[in-house]
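Enquirer: Structure provided below as structure tokens; questions to follow.
The values are calculated or read from the model by the stated rules, or taken from the named source; none is laboratory data. Everything numeric in this text was worked out from a predicted model, so none of it was measured. Cβ: placed from backbone, ideal geometry, glycine included. Neighbour counts: every protein chain shown. Note: areas computed on protein heavy atoms with side chains; ligands, DNA, RNA excluded. Shrake-Rupley method; radii C 1.70, N 1.55, O 1.52, S 1.80 Å.
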Amino acid sequence: MKYGFHLSIAGKLGMAGALEEAQSLGLSALQIFAKSPRSWKTRSLRPGEVEGFRSRKENLGNLPGVIHASYLVNLAAEGELWEKSVFSLADDLAKAQTLGLEYVVVHPGSGSPKRARAGALRARELAGLGRNGPWLLLENTAGGGEKLGARLSTLAELVEDSPLGVCFDTCHAFAAGYTLGEALEELERSVGLERVPVIHLNDSVGQRGSQLDHHANLLEGQMGEELKNLLLDPRLQDKVFILETPRGPREDNHNLRVLRSWLEAK
Ligand SMILES: [Zn+2]
Ligand SMILES: [Zn+2]
């Protein structure tokens, strides 16, 4: 099993800084934003930055990496917002390809499931992805409003008969009303676990069914040992686990200690 945090690329080293941090924390996977997640502005990669990133990644045993798409992206929207969303996601996919990152995760958005699916497929096309490109994953959500992806069966329909996969977020599933046991059963039945390569391991500030997308540190939210059982589930031992929990020296220390103690209990 591989595990890591969502890391920042804001430092001097940019993209490569995230790898350096992963190494110093002893992580075996990582997730990043390839650009500001709350702006449409994109930034191009410098040639030296790409080389630096790729060689560092290789030195670290090619630890698996995820790009999380911008929060502004809404693939289920109409008109200009849809166009902008597709373009932004295509940019992340192209960057993942260039940097040698394995996965890109996006929320399906609010509105029409048909457009969400078409948008995801169009972004792949625009990025010119071949067979060996990064795997585009749709993430389940906490729900509320017209947000797609709170029901795992909807997510299954979105990715059915397509090259798309699924990223499973524990906090979102809990906030959408699932126990993790139920959610895993449904994922296995409707999506197939081989199409769920990445799991976001987050505790939840809100109660089960609260629809609150607010991540908590392990064992400091409402989910308790449900997370441990998921982490140790024999069906998930080849998955990449990413913590999107609050960051800081105390938090990092706490979350890694809990995670590693759970893994030792195996
Ligand atoms: Zn997400
Ligand atoms: Zn997530």
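Enquirer: For the stretch 216-266, which positions are among the hydroxyl-bearing types (Ser, Thr, Tyr) and in contact with a Phe, Trp or Tyr (Cβ under 8 Å, 6 or more places away or on another chain)?
Expert: Hit for the stretch 216-266 is 245, nothing else.
Enquirer: Within the stretch 202-215, identify whether any single residue is more than 26 Å from residue 75 (Cβ to Cβ), at pLDDT below 95 and away from ligand 2 (no atom under 16 Å from the Cβ), and answer yes or no.
Expert: no
Enquirer: Identify all residues within the stretch 15-26 that are surrounded by fewer than 17 Cβ atoms within 10 Å (Cβ to Cβ) and touching a residue at least 24 places away in the same chain (Cβ under 8 Å); write none if there are none.
Expert: 20, 23, 25, 26
Enquirer: So which residues in the stretch 86-115 are under 17 Å from the mean Cα position of the chain (by Cα) and small (Gly, Ala, Ser)?
Expert: Selection gives 88, 90, 94, 96, 100, 109.
Enquirer: Can you name the residue in the stretch 36-45 that is under 13 Å from residue 9 (Cβ atoms) and not polar (S, T, N, Q) and is also most open to solvent (accessible area, probe 1.4 Å) among such residues?
Expert: This residue is 43.
Enquirer: Can you find even one residue in the stretch 244-252 that is under 15 Å from the mean Cα position of the chain (by Cα) and of a type in the set (Ser, Thr, Tyr)?
Expert: Yes: the stretch 244-252 contains one or more residues that are under 15 Å from the mean Cα position of the chain (by Cα) and of a type in the set (Ser, Thr, Tyr).
Enquirer: How many residues does the stretch 121-149 contain that are crowded, with 21+ Cβ neighbours inside 10 Å and within 13 Å of ligand 2 (Cβ to nearest atom)?
Expert: 6
Enquirer: Of the residues that sit in the stretch 143-180 and are outside any strand (DSSP E or B) and within 14 Å of the chain's Cα centre (by Cα), which one is farthest from ligand 1 (Cβ to nearest atom)?
Expert: Taking the candidates together, the pick is 164.
Enquirer: So for the stretch 82-104 (the condition being more than 16 Å from ligand 2 (Cβ to nearest atom) and free of Cβ contacts under 8 Å to residues at least 24 places away in the same chain), does at least one residue qualify?
Expert: Checked the stretch 82-104: at least one residue is more than 16 Å from ligand 2 (Cβ to nearest atom) and free of Cβ contacts under 8 Å to residues at least 24 places away in the same chain.
Enquirer: Taking residue 118 as the residue in question, decide whether it is of a type outside the set (Asp, Glu), in a helix (DSSP H, G or I), away from ligand 2 (no atom under 16 Å from the Cβ) and open to solvent by 10 Å² or more (accessible area, probe 1.4 Å).
Expert: yes
Enquirer: Regarding the stretch 88-106, can at least one residue be identified that is at positive phi and of a type outside the set (S, T, N, Q)?
Expert: Yes, the stretch 88-106 has at least one match.
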